[in-house]
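Note sheet for the following structure.
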Amino acid sequence: MRPGLQLHRRALLGGTAALAVAAALPALAATGHEARIQGLLKAMTLDEKLGQLNQPAGGRQKALNSRIDAAALDLVRKGGVGSYLHVAGADFLRELQRVAVQESRLKIPLLFAADVIHGFKTIYPVPLAMAATFDPDIVQRCSRMAAIETSVSGLHWTFAPMVDIARDPRWGRIVEGAGEDPHLGSAMAVAQVEGFQTKNLSGKDAILASTKHFGAYGAASGGRDYDGADLSERTLNEVYLPPFYAAAQAGSGTFMTAFNDIGGVPTTANQALVRGVLREQWGYQGLVVSDWNAILELVAHGVAETPVQAAALALKASVDMDMAGGVYVAHLRQAIAEDPTLLPYLDQAVVRILRAKARLGLFDDPMRFGDAAREKTELLSADHRALAREAARKAVVLLRNDGGLLPIASSHKTIAVIGALADDARSQLGSWKARGEEADVVTLLKGLQGSAPAGVKIAYSPGVSVRSDDASGIPAAVETAKAADLVLLVLGEDFDHSGESRSRSDLGLPGPQVALAQAVAATGKPVVIVLMNGRPLAEPAVLDKAPAILETWFLGVEGGNAMADILWGKVSPGGRLPVGFPRASGQTPTFYAHNPTGRPADPDLLKDTARYHDADIGPLFPFGHGLSYASFAYADLAVDRASVAPGGIVKISATITNTGKVVADEVVQLYVRDPVASVARPVKELRGFTRVTLKPGEARRVTFTLRPEQLALWDASGWKIEAGRIEVMVGASSDDIRLRGGFVISAAGKGSAPAASLLTAVSVS
Ligand code: NOJ
């Protein structure tokens with residue numbers, strides 16, 4: 001190993017106790033699998049062991065299975081493959097598995113993996129939009145649906161959930177996660193793991209989850225994908241790691257390491273983080289897979305000189321499986337010859353891979369996944385489409401509605417739909433479409449056309465493409481607007497502006513969309529902006545003054561129907577922003593849970609304070625923001641005790657009343673603040689939320705049960721609970737706090753888990 005790789009292990013390890021993730025593993029010994037696994041390990045040649053660590057691509061993302069040729073089958077026969085990714089199809093995978101379990105010496109089944117990120121065939125909203133539901137239950141149900149479709153297609157494993165916290169919208173992969181907040185991110189992580197895996201992988205159609213990309217991939221410098229993260233131990237532990245911890249506790253069968261480095265140490269070689277924190281501190285026993293070719297990329301990072309060194313580093317860090325790189329299979333033999341102390345690491349990796357196969361029941365019945373008959377009935381079934389529609393409705397966020405432009409008034413008889421995204425089926429599928437097909441998508445235009453009330457005309461003009469400079473469609477769009485009573489102006493990004501390696505330096509509207517928006521606004525017609533995008537956008541010229549803005553992300557196959565439901569007023573929007581929208585690209589990153597400074601931002605520019613002179617303070621639309629067709633009153637905050645000691649609980653209750661005229665959802669949010677501590681604490685941190693449906697006039701009492709451990713802060717000694725006063729805030733968004741109270745933590749203490757990862761029980765009565 002090269003010098004410099006003795007990482008800041010001590011600091012990272014801190015004092016956190018090893019935790020009982022092991023409990024999530026079923027008792028393999030009891031089922032007889034452990035003996036079988038140990039027997040196999042003894043019987044395996046070195047090449048067969050290396051084969052288990054090998055996960056080649058069986059195809060390409062756009063051409064699944066395309067690389068399974070005669071040579072690939074031969075390699076399977078020789079025991080040279082442990083798993084394939086980018087494969088699918090019940091019949092195809094059954095035959096591939098047959099070769100492994102009938103024609104290889106040790107008859108070890110293969111693991112088949114794919115990126116099923118927001119649906120397999122029934123594509124539901126992109127993960128950022130799913131987080132906007134603020135509804136773990138619908139997230140869990142959608143993951144379950146995806147798992148059913150995935151498993152009947154012969155696959156065992158999805159590379160989801162992605163739980164990377166993203167505070168910089170320039171980063172294109174913000175679309176794949178739950179946004180800026182570690183508490184919301186933890187809840188979404190758990191919901192997905194439970195949906196994919198069922199309890200302990202025991203349920204029907206359970207598949208392995210892969211929580212990714214451990215540990216600070218979302219903190220890439222400047223929001224440039226793959227770039228390094230340089231962040232404090234505190235931020236790493238308090239902000240980036242909590243969702244990973246929550247997913248590990250929920251039993252996530254596998255983890256994937258990030259491509260990038262933290263302070264110069266690529267995670268794929270980070271012994272302190274992967275072996276130290278994940279395995280030793282958290283007690284994680286599952287399978288860890290590298291990201292695509294990331295082991296070989298350790299050479300490009302400059303921490304290994306040769307692929308042999310790269311392989312040794314990753315193995316020592318506790319990365320079990322090599323995705324697509326072929327480095328382990330090609331170079332570990334030499335690495336082990338040079339350093340026989342690597343052999344036990346190899347055996348550990350093999351055992352973890354075999355255990356993953358055993359947990360899925362593949363040693364008992366290697367063909368238990370994949371069912372060609374069920375493929376025909378489950379994929380894109382009516383039930384699945386209905387669930388995708390429910391999720392899409394819940395994900396829509398009403399950002400502004402001045403003058404009540406929405407829902408569309410019944411007096412409006414001609415509705416102009418302007419913007420190419422309105423009928424862009426591919427974009428509506430979002431960044432990861434697995435087996436989703438454009439033909440199955442109901443676009444916004446189709447959804448409106450299919451549901452317009454009698455006598456209402458939908459007039460469409462694409463205006464401009466988001467991908468070209470051609471503004472020649474603007475005059476026709478203006479004519480369409482002039483002839484209408486109301487304009488729905490559809491603006492944003494296409495599916496390929498966000499996602500992997502799709503970072504952007506400018507968060508503005510691409511193409512000639514600003515010119516289109518200005519020309520349409522100049523008609524004087526009432527305009528509702530419908531945004532479609534995979535990241536927060538910042539386009540002051542358009543967004544600052546628009547009277548009505550509806551955020552719809554990329555909503556999947558049922559998106560058009562769901563948007564129509566909201567626009568016509570059949571359903572009230574209730575989604576909330578999982579990440580704030582900055583006012584300008586240069587204000588990035590901006591996030592609500594920032595620390596106070598000695599000179600807090602002040603509107604008075606004559607004062608020297610922490611702000612930009614050319615932009616107002618804070619985001620345009622903050623975390624947690626979202627409006628409704630109803631209104632809600634918050635009253636009667638009660639904190640059930642004045643003080644609480646570590647280990648105790650405190651209950652915080654409030655009454656929420658629908659004061660509007662329609663049935664609607666409200667997302668009630670609990671924030672906390674530690675106003676005086678040994679280090680500056682965030683001005684606000686989410687620690688609880690619930691989405692409630694209320695009829696007009698209906699009132700509900702919402703009670704959050706909080707623990708002092710959820711206020712713990714990270715320092716070199718681990719999770720520390722400090723005595724003192726805690727402020728609590730209950731409200732409708734991070735900047736719409738309606739009720740305030742507090743309690744005192746009566747004594748100092750220790751926490752054992754990342755504070756933000758601890759989910760808050762909420763009751764509604
Ligand atoms: C690279 C991506 O970073 C990862 O998220 C994905 O799962 C793999 N490619 C496999 O497609």
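Any read-out appearing in this document is the output of simple, stated calculations on the displayed coordinates, not a laboratory observation. It should be emphasised that the depicted structure is a prediction, and the values quoted were computed from it without experimental measurement. Note that we place each Cβ from the backbone using ideal geometry, even for glycine, and neighbour counts take in every protein chain shown.
In the stretch 426-583, one over the average inverse separation of all distinct C-alpha pairs is 16.4 Å, which is the Kirkwood hydrodynamic radius. Counting every C-alpha pair in the stretch 349-400, the share spaced more than 18 angstrom apart comes to 62%. Averaged over residues, the count of other Cβ atoms within 10 Å places the peptides 108-115, 460-467, 239-246 in the sequence 239-246, 108-115, 460-467, highest first. Placing unit charges on the Cβ atoms only, positive for Lys and Arg and negative for Asp and Glu, gives the stretch 472-625 a dipole magnitude near 220 debye about its Cα centre. One Cα centroid belongs to the stretch 609-631, the other to the stretch 504-567; the line between them spans 17 Å.
The Rg/Rh ratio for the stretch 78-237, using Cα coordinates for both the radius of gyration and the Kirkwood hydrodynamic radius, is 1.04.
When the Cα positions of 154, 621, 449 are compared along the charge dipole of the chain, 154 comes out farthest toward the positive end, with charges on each C-beta of Lys, Arg, Asp and Glu. Only helices enter the 222 nm calculation for the chain: every DSSP H run of n ≥ 4 contributes -39,500 (n - 2.57), and dividing by all residues gives -8000 deg cm²/dmol, rounded to 500. Size descriptors for the stretch 106-198: radius of gyration and Dmax over Cα atoms are 13.7, 48 Å. With only Cα atoms counted, the stretch 184-255 has Rg and Dmax values of 13.8, 43 Å. The convex hull defined by the C-alpha atoms of the stretch 382-449 has an orientation-averaged projected area of 6.2 nm². Assuming a ≥ b ≥ c are the square roots of the Cα gyration tensor eigenvalues, decide whether the stretch 363-492 counts as rounded (a/c under 1.5), prolate (otherwise, with a/b larger than b/c) or oblate. Taking the square roots of the gyration eigenvalues as a ≥ b ≥ c, the stretch 363-492 is prolate.
Counting Lys and Arg as +1 and Asp and Glu as -1 over every other residue whose Cβ lies under 9 Å from the Cβ of residue 104, the net charge comes to +2. Taken along the Cα-to-beta-carbon direction at a fixed 7 Å, the label points for residue 597 and residue 368 span 5.7 nm. Ranked by the mean number of other Cβ atoms within 10 Å per residue, highest first, peptides 76-84, 392-400, 631-639 order as 392-400, 76-84, 631-639.
For the stretch 237-367, the normalised intensity computed at q = 0.20 Å⁻¹ comes to -1.17 (log10 of I(q)/I(0), Debye sum over alpha carbons, equal scatterers, no solvent).
The P(r) of the stretch 412-486 has a tail past 19 Å containing 44 percent of all C-alpha pairs.
For residue 121, the aspartates and glutamates whose Cα comes closer than 17 Å to its Cα, not counting residues fewer than 8 places off in the same chain, are 91, 149, 205, 371, 375, 378, 383, 390, 437, 438, 440, 558. From the largest down, the stretch 202-291 spans 43, 25, 22 angstrom on the principal axes of its Cα atoms. For the stretch 278-320 and the stretch 686-729, what is the separation of their Cα centres, given in Å? Centre-to-centre (Cα) distance: 37 Å. Beta bridges per DSSP, both residues in the chain: antiparallel share near 60 percent. In square nanometres and to one decimal, what's the mean projected area of the convex hull around the Cα atoms of the chain? Projected over every direction and averaged, the Cα hull of the chain covers 32.6 nm². The trypsin sites (Lys or Arg not before Pro) of the stretch 483-551 that DSSP puts in a loop, and whose beta carbon has at most 10 other beta carbons within 10 Å, are 545. Its Cα centre serving as origin, the chain has a Cβ charge dipole (Lys and Arg +1, Asp and Glu -1) of approximately 1420 debye. If you take all other residues with their beta carbon under 11 Å from the beta carbon of residue 544, and give Lys and Arg +1 and Asp and Glu -1, the sum is +1. Classify the stretch 610-765: rounded, prolate or oblate, from the alpha-carbon gyration tensor (a ≥ b ≥ c, eigenvalue square roots; a/c under 1.5 rounded; otherwise prolate if a/b is larger than b/c)? Oblate shape, in that a/c is at least 1.5 and b/c is the bigger or equal ratio. Using a cut-off of 21 Å between Cα atoms, the listed pairs 212/316; 42/78; 62/394; 316/750; 376/446 include 62/394; 316/750; 376/446 as exceeding that distance.
The Rg/Rh ratio of the stretch 680-765, with Rg taken over Cα atoms and Rh as the Kirkwood radius over Cα pairs, comes to 1.02. The equivalent ellipsoid of the stretch 677-723 has semi-axes of 34, 11, 8 Å, largest first, where each one is the square root of 5 times an eigenvalue of the Cα gyration tensor. Restricted to Cα atoms, the stretch 562-632 shows a radius of gyration and a Dmax of 16.4, 49 angstrom. Shape descriptor for the stretch 337-376: Rg over Rh equals 1.31 (Cα atoms; Rh from the Kirkwood inverse mean 1/r).
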